[in-house]
Amino acid sequence: MLKLIASDLDGTLLLHGAQKLNPGIYDLILELKKHGIIFVAASGRQIASLRHLFAPIADQISYIAENGSICLHDNKVISISSTNREEVLRVLNTIKERPGCTPIVSCVSSIYTLAEYEDFIDHMENVLHNKVTTVAKFEDIEEPFIKFAFRDLENNIQSAKHFKELFSDKFQVVTSGNGWVDLQTYDTNKGNALRKLLAELDIKPEECISFGDQQNDVEMLTLTGKSYAMAEAVPEAKAAADEIINSVEDTLRKILRELEQK
């Protein structure tokens, strides 16, 4: 029996760089809820950005944000993770020296980046609708770090490979869609966050479905009983999924039709 559906956003529900959801998805999620099915937005994005995207139904769904660093259900924190401050600062200061790479640090209250990245900050605040705080240097951040990442619009695959070679002994380095590369501890990912949520809700992985398209979706795709990767997904996501699809919304409509026929 299907009890939960988790979906990535960028490259999955949001295709081709879109920054707004098709309004029809809200009705689909509410119909699923009538059948007792929980919808989880699972993303590398910040909670504030996700709640903005799902504004009409923001309190009707659950969230796995920051690539599994934070999980919320019924506006209650289910899990939260943190990383070693000194190790993260060492990596961040290396990333900012690589041409084309713009680093950020995610904390519970805000995303932090350097004040010098003016155009990037405008994009983060006014396109992605993140809460952003600027600092002169990353060492000025006083909150615990929960995730860090960088954006490289031109060469994110090559940059991800470069930093994997440098830092894979401490951090998992994964592509995250739209030029983003996320770095996190090996036990922090969407799959582990979803596992904690399922334990909280007494739901079995085989009673779940997931959708994704990037390396940061792999653990989630392999956890759930049924999983779907997008047609334009990276090879790792396709290999982890049971089926390749073109549209999450079409698949959800199919699931609803099957539920209504029972």
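Summary of values
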quantity: Sites Lys131 and Thr222 - FRET efficiency at Förster radius 41 Å, r taken between beta-carbons, to 0.05; calculated: 0.80
quantity: Net lengthening on full extension, Lys204/His16 (0.36 nm per residue, minus Cα-Cα); calculated: 64.4 nm
quantity: Dimensionless Rg/Rh of the chain - Kirkwood Rh, Rg from C-alpha atoms; calculated: 0.96
quantity: Efficiency of FRET between Ala55 and Glu165 - r from beta-carbon atoms, R0 35 angstrom, step 0.05; calculated: 0.30
quantity: Listed peptides 228-238, 198-208 by packing density, highest first (mean Cβ within 10 Å); calculated: 228-238, 198-208
quantity: Cβ crowding within 10 Å averaged over residues, with 179-192, 243-256 ranked highest first; calculated: 179-192, 243-256
quantity: The stretch 140-192: mean projected area of Cα convex hull, nm²; calculated: 4.5
quantity: Helix 190-201 axis, angle to the chain major axis (alpha carbon atoms, nearest 10°); calculated: 50
quantity: Gain in span if fully extended, Asp27 to Lys254, counting 0.36 nm per residue against the direct Cα distance; calculated: 80.3 nm
quantity: The stretch 85-184, dipole about Cα centre (Lys/Arg Cβ +1, Asp/Glu Cβ -1), debye to the nearest 20; calculated: 340
quantity: Distant alpha-carbon pairs in the stretch 85-184 (separation over 23 angstrom), percent; calculated: 18
quantity: Extension reserve of the Glu87-Glu139 stretch, reckoned as 0.36 nm per residue once the Cα distance is removed; calculated: 17.6 nm
quantity: Cα centre as origin, Lys/Arg/Asp/Glu Cβ charges: the chain dipole, Debye; calculated: 520
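Here, each number is a calculation from the coordinates, and none is a lab measurement. Since the model is a prediction, treat every value here as computed from it, not as a measurement. We place every Cβ from the backbone using ideal geometry, glycine too, and count neighbours over all the protein chains shown.
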